[in-house]
């Protein structure tokens with residue numbers, strides 16, 4: 001007989017019982033939107049292209065402008081994405097240097 005609107009969840013930050021729908025709406029609002037250098041929204045699994053030559057620290061390589069990076073993963077930091085390249089694993093790129101493909 002209980003609807004989702006009738007469910008209450010204890011919010012530890014405020015110390016009070018709040019409707020579950022209100023908690024869910026607040027959680028969605030807290031999610032940061034990740035954007036590339038052109039302002040396009042990025043999502044997990046997108047492909048991006050480098051807009052600048054980047055020297056990779058620790059690998060002794062340079063990724064050239066126009067290199068395509070596939071299957072990116074978003075990180076908690078909206079200014080960084082986690083990705084893999086054929087020669088470099090565990091690569092983290094700043095979103096200011098990529099453009100969605």
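The values are calculated or read from the model by the stated rules, or taken from the named source; none is laboratory data. None of these values were measured; they are calculated from a predicted model. Using ideal geometry, Cβ is built from the backbone for each residue, glycine included, and neighbour counts are taken over all protein chains shown.
Summed over region 9-48, residues that are at pLDDT 90 or above and either closer than 26 Å to residue 82 by Cβ or in the same structural domain as residue 94 (by TED's automatic domain parsing) (or both) total 15.
For (1) over 22 Å from residue 43 (Cβ atoms); (2) modelled with pLDDT of 90 or more; (3) out of contact with any strand residue (DSSP E or B) (no Cβ under 8 Å at 6 or more places or on another chain), each residue gets a yes or a no:
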position	(1), (2), (3)
55	yes, yes, no
62	yes, yes, no
69	no, yes, no
73	no, yes, no
80	no, yes, no
84	no, no, no
95	no, yes, no
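When residue 6 is tested against (1) at pLDDT below 90; (2) under 17 Å from residue 94 (Cβ atoms), only condition (2) is not met.
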